[in-house]
Amino acid sequence: MTDDPIVDVGAIAHGGHCIAHLDGQVVFVRHTMPGERVRIKITERNKRFLRADAVEILTAAPGRVTPPCRYAGECGGCDFQHIEAAMQRQLLGDVIREQLSHLARIDWDGEVEAVNPEALGWRTRMTYAVRSDGRLGLRRHRSHDLIAIDECVIAGDGLPPVLGETWKADTVEAVGSSEGDQLVVLGGNHGKLPKLGGVSVVTADGERLRGRASVTETVGGHSFRVSGSGFWQVHPEAAGTLVEAVMSGLDTQPGETVADLYAGVGLFTAFLAEAVGESGTVFSVESDPGGARDARRNLHTFSQVRLVAESVDDALRDNALGESLDLVVLDPPRTGAKHAVGPIAALSPRKIAYVACDPAALARDLATFAEAGYRLENLRAFDLFPMTQHVECVAVLVST
Ligand SMILES: C[S@@+](CC[C@H](N)C(=O)[O-])C[C@H]1O[C@@H](n2cnc3c(N)ncnc32)[C@H](O)[C@@H]1O
């Protein structure tokens with residue numbers, strides 16, 4: 001017998017947990033699904049809510065499966081290993097709906113689109129932490145504790161074989177590109193390297209230790225150099241899927257003036273440059289020096305591209321993007337673009353494509369765009385992080 005409490009589980013919430021109630025308090029419960037009755041172990045208490053893990057499933061919901069990963073429940077990397085893939089997408093859709101309704105008063109009746117029926121073996125970039133014994137590990141949920149890992153079922157086959165080796169570094173990032181390049185990026189002080197069959201190795205600061213310091217990615221006929229741990233989407237279908245969603249949402253015309261904000265190594269810039277042609281202009285704004293360097297190299301054939309290697313907020317404040325724009329693409333980090341929304345709207349673009357990896361930040365910024373005269377024309381969501389609570393959205397806004 002155990003004294004651990006039993007709860008009835010309600011809706012999914014942002015963050016991958018479900019909401020339950022215990023003695024009048026809200027409990028965020030992991031490893032469960034809406035409609036289940038579960039025994040929980042409390043993992044955190046604070047004044048406003050509790051956190052808990054489901055430790056025994058008393059009534060299972062439809063769509064519950066045996067996790068394919070032997071570390072499920074322990075490892076903090078995946079939240080949805082116990083949920084069948086189509087049901088994962090349904091729950092992600094519910095999270096987007098709830099955030100849009102709650103934060104932006106927007107009713108969304110769309111569905112999260114599957115980009116690949118295979119929910120395993122998709123990651124083209126994996127960052128592991130190094131344990132004190134030199135083995136690689138992943139962190140427990142909301143913890144600094146490391147679990148030693150011998151395999152990761154969401155890691156792709158094309159990654160360099162870093163697991164099973166002993167490392168001296170703080171972190172080891174394994175990268176496998178669409179062109180078959182393999183690269184290892186080491187964070188922190190490093191020691192002697194394992195052999196790894198001649199795979200390229202670089203430090204997070206860009207020091208080349210073996211072979212090349214970058215990989216090449218190819219999308220829709222364009223090639224992109226991505227150095228070290230520079231940003232590139234982790235799902236192999238992501239870059240192409242997002243380019244298609246952005247370009248079909250914007251309907252870019254030759255001669256237009258466009259901005260690609262948070263541009264990384266220039267993914268959207270290349271396609272926008274092609275669409276506006278030599279009579280148009282594309283401002284490509286990226287603040288990370290490594291990303292901006294790669295963008296310069298990747299985009300050098302486009303005379304219509306103006307590279308702006310500073311933060312979006314600075315570029316907008318300094319009028320680096322001129323007096324007005326026809327179109328804007330923005331693809332900010334998880335925190336969104338809170339301070340950029342007003343200045344972007346002030347440039348009066350006819351359409352805006354907002355690529356977002358956090359539906360809460362997106363919903364908050366859509367509410368601010370609405371106050372500035374932009375309404376949501378279309379929102380698509382893509383299952384680009386299967387087995388996890390993460391989801392990618394592309395929202396297209398029009399001037400009202
Ligand atoms: C989600 S990534 C998108 C990159 C690119 N659009 C792509 O799809 O490959 C966000 C990018 O914004 C950059 N970034 C973060 N904060 C920034 C800021 N305040 N101003 C400009 N760029 C920023 C990051 O370095 C990163 O390259």
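Give the calculated FRET efficiency between ARG375 and ARG334 to the nearest 0.05, with a Förster radius of 22 Å applied to their Cβ-Cβ distance.
On the way: r = 24 Å, r/R0 = 1.10.
FRET efficiency, ARG375 to ARG334: 0.35.
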In Å, what Rg and Dmax follow from the Cα atoms of segment 6-64?
10.3, 33
Which of the aspartates and glutamates could a cross-linker bridge to LYS192, judged by Cα under 12 Å and excluding same-chain residues fewer than eight apart?
GLU165
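Highest mean first, how do 261-273, 298-310, 85-97 rank when packing is the count of other Cβ atoms within 10 Å averaged over residues? Present the calculation step by step, with values, prior to reporting the outcome.
Values: 261-273: 27.1, 298-310: 17.8, 85-97: 19.9.
Highest mean packing first, the order is 261-273, 85-97, 298-310.
Which loop GluC sites (Glu not before Pro) in segment 143-236, with loop taken from DSSP, have no more than 12 other Cβ atoms within 10 angstrom of their Cβ?
Details: sites: GLU151, GLU165, GLU173, GLU179, GLU207, GLU217; in loops: GLU151, GLU165, GLU179, GLU207.
Those satisfying the criteria are GLU151, GLU179, GLU207.
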Please list the helices of the chain that count as membrane-span-like by this rule: a mean Kyte-Doolittle hydropathy of at least -1.0 together with Cα atoms stretching 20 Å or more along the helix axis, each helix being a complete DSSP H run.
85-104
Using amide H atoms built in the peptide plane, which far-off residues or other-chain residues are under 5 Å from VAL201 H to H?
VAL184, LEU209, ARG210, GLY211, ARG212
Please list, or write none, the lysines whose alpha carbon is within less than 30 Å of the alpha carbon of LYS338, excluding same-chain residues fewer than 8 places away.
LYS47, LYS351
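Note the full-extension length gain between ARG105 and HIS144 as 0.36 nm times their separation in residues minus their Cα-Cα distance, in nm to one decimal. Walk me through the numbers on the way to the answer.
Values: separation 39, 0.36 × 39 = 14.04 nm, distance 3.72 nm.
So the chain would gain 10.3 nm between ARG105 and HIS144.
Considering every Cα-Cα pair within segment 125-219, what fraction, in whole percent, is farther apart than 15 Å? Show your work: numbers first, answer last.
Values: 2596 of 4465 pairs.
Tail of the P(r) past 15 Å holds 58 percent of the pairs.
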Return, for the Cα atoms of segment 224-272, the radius of gyration and Dmax in Å, separated by a comma.
11.8, 35
For LEU50, enumerate residues with amide H under 5 Å from its amide H, sequence gap 5+ or separate chain, H modeled in the peptide plane.
VAL26, VAL27, PHE28
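Distances longer than 27 Å among the Cα atoms of the chain: what percent of all pairs is that?
Values: 43808 of 79800 pairs.
Summing the P(r) tail past 27 Å for the chain gives 55 percent.
Values quoted throughout were computed directly from the atomic coordinates according to the rules given, and no laboratory measurement underlies them. Since we're looking at a predicted model, the values are computed, not measured. Don't worry about glycine lacking a Cβ; one is built from the backbone with ideal geometry, like all the others, and counts go over all protein chains shown.
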